[in-house]
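Read through the structure below, which is laid out as structure tokens, and then see the notes.
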Amino acid sequence: MRFSSPLPRIATASRTLITCLACSSSTWAAPYELRVYSDDIPKKGESEIELVMSVAKPKLMDEAPHGQVFQTLLEYGYGLGNGWSIGLEVPMSRVDGHDKLNGLKVEAQYVAEHNAHHGFYWGVRSDVGYSSSAYESQGINSIDINPIFGYRWAAWHIVVNPSIEVPLSGLNKQTQFQPSAKLARSISGTTQLGLEYFSGWGAVSAIRPQRERDETIYWVWDEKFASSRWNLGLGKPLNPSGGSVDKWVLKIGVNLDLD
């Protein structure tokens, strides 16, 4: 009787396990970019600083942090005119008492000419660079492509971002689908109330079942001042016993005009 060596099978199993771990690590990655992209970009020659801060309470899981997770996104944006803007973003986090620089990305955004008060508009925002979430020990280089489809009617504004992330490094090379959306109603000339939706649906080639997705809905309040815009939101998961990462998330965003 001849016995085949188990080494090839062990090697194959090891490669499969590593791949699965790499894929699963992205499952527990809550987004740090808790914003829905619209036609709100700097005008030609103008610049702004955007700060998005959030605190989240993760679910009790072996892979999750034990305490609250603090994330901060700092971004500088500059308007080029003709619907174009460019920027640089730096995400940071604090988890279990440890501070972390989560990456560095450069970005560009285009919004086609449109009526700013009524009707349909479209655009696209893309960024490239290195990033990791507060939930991951190892990040990746990637390209994010965020289509922008918006519509205004009466006091209402809806915008959808069917975003994808294309990995450029790491073991998992599958393109990820990460849609987001916002529906808001103007209460006054400076105040809006509405809902925001952020999610991770998994790989484009293998969309997860709905209950396995990391989906969060936010109740949001937007306020405009003379030289700043504020966004306050409280998020709750849609799948608390399934794919959702956090129990709740509180976020605050501010745009400061520098000109």
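The values are calculated or read from the model by the stated rules, or taken from the named source; none is laboratory data. None of the values given here were measured: they were computed from a predicted structure. Cβ: placed from backbone, ideal geometry, glycine included. Neighbour counts: every protein chain shown. Remember, those area values only see protein heavy atoms, side chains included, never the ligands or the DNA or RNA. Shrake-Rupley method; radii C 1.70, N 1.55, O 1.52, S 1.80 Å.
List every residue whose amide H lies under 5 Å from the amide H of residue 143, counting only residues 5 or more places away in sequence or on a different chain, with H placed 1.01 Å from N in the peptide plane.
166, 168
Ordered by residue, what ³J(HN,Hα) values in Hz, to whole numbers, does the range 185-196 give under the Karplus form 6.51 cos²θ - 1.76 cosθ + 1.60, where θ = phi - 60° and Gly and Pro are x?
10, 6, 8, 8, x, 10, 10, 10, 10, x, 10, 10
Evaluate Rg over Rh across the range 156-238, taking Cα atoms for both radii and Kirkwood's formula for Rh.
1.10
Contour minus end-to-end for residue 145 and residue 188, with contour as 0.36 nm per residue of separation and end-to-end as the Cα-Cα distance?
Computed gain between residue 145 and residue 188 is 12.2 nm.
Return the Rg/Rh value of the range 46-169, two decimal places, where both radii are evaluated on C-alpha atoms and Rh is the Kirkwood radius.
1.04
Rounded to the nearest 20 debye, what is the charge dipole size of the range 112-218 about its Cα centre when +1 sits on each Lys and Arg Cβ and -1 on each Asp and Glu Cβ?
Its charge dipole is roughly 260 debye.
How much area per residue is accessible in the range 83-128 when the probe is 1.4 Å and only protein heavy atoms are counted (Å²)?
Normalised by residue count, the accessible surface of the range 83-128 is 54 Å².
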